[in-house]
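These notes concern the structure reproduced below.
The values are calculated or read from the model by the stated rules, or taken from the named source; none is laboratory data. In this text, all values refer to a predicted model and were calculated from it rather than measured experimentally. Cβ coordinates were reconstructed from backbone atoms using ideal geometry, including for glycine residues, and neighbour counts include every protein chain displayed.
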Amino acid sequence: MGLKPEKKQTDVGMIPRDWNVAKLGEYAAFRTGPFGSALHKADYIEDGIPVVNPMHIIDSRVIPTRTMAITEAAARKLADFRLRHRDLIIARRGDMGRCAVIREEQVGWLCGTGSMIIRCTDDLSPEFLQRLLSSPRVIATIEGSSVGSTMTNLNQAVLADLRIQIPSVREQLTMTAALADVDALLDVLTALVTKKRDIKQASMQQLLTGKTRLPGFRDGWKTKRLGDLGIWTGGATPSMSNLSYWNGGEVPWASSGDIKSNHLKDTAKMITRTAVLESSTTLLPVGAILIVTRSGILRRYLPVAKNAVSVAINQDIKAVIPHSAYSPDFLLHAFVHEGPRILASCLKAGTTVESVEYVWLKRFEISLPKTMQEQFAIAEVLSDMDVEIAALEQRLAKTRLLKQGMMQELLTGRTRLVSVAQETTA
């Protein structure tokens, strides 16, 4: 690995001299999914032979839905569109580059109207082609050649004319095996993140309701309105036309997009202290709890954060500065946990931009331990889980970047896992 072979300039970029460049049509055959007249919505049943449309091609995998299937009898009538082992299925509509290789357990499924089957010759690995077709260069080429004003449509002619780089079959298989190993690591990390999130969710349900008590705590709990937990305040936007408010700012000014569930992102704009003093925005001390009360993201979840530095907020956010009897960290976890219930009872209906009614929000009640010690202990357990999850998410993100870099290196031949000498003696 790491051998730097002689290169040649081609219409697909710089590639190793021993690679070929050819039209995909010379190495593959294509079949577009059945026309709508051959496959009707009325033909769909539950738990039949899955029909694979673009919506089912997700992250290079085919993930069917129970309700988009047909009977075996209907599938037999459309035998030409049934999928074979190691067929490549690609979306013809919408986002280009969505494609997947058919596994053994998916044999016999049906290519849907919005998809296309690609069958490779023995000189082209479908796994290698899948990587190529989902690469940025090929996606850009396809999008530039495809038709459709409102939605991009891919046809057989575009794919047949697509020029691609073609290493030897041995090198194709070697590089796809290496990328498959990275995919397997990504799957493990993704599953681990999901598992840790589920564990945290279950722990929140137990610890934040008092159903499970940490060792050493027996004191009772109390129910309090959110409005009684501290001092509540709202925010505002300093004048955008006053450049002195924004040039050389040193105070973070958060909008709804800067808040996720349990932390404040580092994307906030910066304003000057003069802007804070001369406008209606509010400078919050460390430990305030920020809640998005007006945003298009509401109904899906309630963004909540605790600020670790002094921060100003805009008018889409409300904040509570907790009284000394309440742990800010405990309140953060409690607000995140209660997010669905808060939205269910406090979200105003019939508005163009969804919003939480401030009066209703302050009346909302939560349960919490009477002692600060138990609040601190619960918050510490849940915060430790957050740290662990964040570390796994960071590792997952880095591994995704590693995979992107590997694909770029391998698919262009900048890095080779099989040397020219090995190819010659194979």
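The table below gives the values:
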{"item": "Qualifying residue in the range 137-156 (condition: assigned by TED's automatic domain parsing to the domain that holds Arg31, touching a Phe, Trp or Tyr at 6+ places or on another chain (Cβ under 6 Å) and at pLDDT below 95)", "result": "yes"}
{"item": "Checklist (1) closer than 21 Å to Met372 by Cα; (2) crowded, with 18+ Cβ neighbours inside 10 Å; (3) modelled with pLDDT of 95 or more applied to Ile321, failing item", "result": "(2)"}
{"item": "Residue list for the range 194-225, restricted to those being under 33 Å from the mean Cα position of the chain (by Cα), within 16 Å of Gln375 (Cα to Cα) and not in a loop (DSSP other than H, G, I, E, B)", "result": "Ser203, Met204, Gln205, Gln206, Leu207"}
{"item": "Filter result (out of contact with any helix residue (DSSP H, G or I) (no Cβ under 8 Å at 6 or more places or on another chain) and surrounded by 17 or more Cβ atoms within 10 Å (Cβ to Cβ)) within the range 167-198", "result": "Thr174"}
{"item": "Single condition Trp232 does not satisfy, out of (1) within 33 Å of the chain's Cα centre (by Cα); (2) assigned to a strand (DSSP E or B)", "result": "(1)"}
{"item": "Top-ranked residue of the range 84-113 - restricted to ones that are closer than 20 Å to Ser37 by Cα and surrounded by fewer than 22 Cβ atoms within 10 Å (Cβ to Cβ), ranked as modelled with the highest pLDDT", "result": "Thr113"}
{"item": "Among the residues listed as Gly296, Gly339, the single one being touching a residue at least 40 places away in the same chain (Cβ under 8 Å), of a type outside the set (A, V, I, L, M, F, W, C), assigned by TED's automatic domain parsing to the domain that holds Ala236 and closer than 17 Å to Arg363 by Cα", "result": "Gly339"}
{"item": "Count - residues of the range 104-124 that are within 15 Å of Val52 (Cβ to Cβ), part of a loop (DSSP other than H, G, I, E, B) and not hydroxyl-bearing (Ser, Thr, Tyr)", "result": "5"}
{"item": "Some residue of the range 205-213 being of a type outside the set (Gly, Ala, Ser), surrounded by 15 or more Cβ atoms within 10 Å (Cβ to Cβ) and more than 29 Å from Lys318 (Cβ to Cβ)", "result": "yes"}
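So that you can scan it fast, the table gives a plain yes or no per residue for (1) in the same structural domain as Met204 (by TED's automatic domain parsing); (2) of a type in the set (Asp, Glu); (3) modelled with pLDDT of 95 or more:
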site: Pro328; (1), (2), (3): no, no, yes
site: His333; (1), (2), (3): no, no, yes
site: Leu347; (1), (2), (3): no, no, no
site: Glu354; (1), (2), (3): no, yes, no
site: Ala391; (1), (2), (3): yes, no, yes
site: Arg395; (1), (2), (3): yes, no, yes
site: Arg416; (1), (2), (3): yes, no, no
